[in-house]
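Please treat every number below as a calculation from the coordinates, not as lab data. Please read these numbers as outputs of a predicted model, since none were measured by experiment. No Cβ is skipped: glycine too gets one built from the backbone with ideal geometry, and neighbour counts run over all protein chains shown.
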Amino acid sequence: LQGWTKKVIITEGPLDALAVAGEGYTGIGLMGNKPPEVVLLRLVKMLRDSGQELYLFADSDALGEMSQVSKNLSKAGLQIRLIYANGYKDAASIPMPQRKNILEKLTIS
């Protein structure tokens with residue numbers, strides 16, 4: 001996946017994907033917290049064996065739903081880590097001056 005960063009953060013929505021991309025990550029927006037199976041299969045096809053570190057950023061109001069997405073992606077063969085920012089609704093709601101630092105802490109291997 002040329003042009004993609006070492007760390008990929010999958011988010012619930014496109015604004016969150018843009019927020020993480022603005023901090024130097026590859027961001028992928030699911031367009032919701034209950035993506036159809038075809039979306040999950042496409043992610044697996046794109047990211048399996050890519051050598052990238054994969055993170056699923058959960059909105060604070062959808063931890064259960066994104067936990068299920070994480071479980072489904074893991075069953076399909078992706079090694080993915082579920083993350084969230086305590087005190088913020090989603091990645092886009094983290095204030096820009098703090099966003100980079102918070103994302104770095106959440107994505108430490």
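The distance linking the stretch 83-109 with the stretch 24-65 is 16 Å (Cα centroid to Cα centroid, whole angstrom).
Note: the stretch 1-65, Cα convex hull, 86 Å³ per residue.
Ranking Met96, Met31, Leu47 by how far each Cα lies toward the positive end of the dipole of the stretch 22-109 (charges on Cβ) leaves Leu47 at the top. Kirkwood-type hydrodynamic radius, the chain: 13.7 Å, calculated from all non-identical alpha-carbon pairs. Using the reciprocal of the averaged 1/r over all distinct C-alpha pairs, how large is the Kirkwood radius of the stretch 52-99 in Å? Result for the stretch 52-99 stands at 11.4 Å. Which FRET efficiency, nearest 0.05, do Glu65 and Asn101 yield, Cβ-Cβ r, R0 30 Å? The formula returns an efficiency of 0.65 here. Which one of Gly27, Gly13, Gly64 has the biggest mean-square fluctuation once the chain is modelled by GNM with Cα springs under 10 Å? So, out of Gly27, Gly13, Gly64, the one fluctuating most is Gly64.
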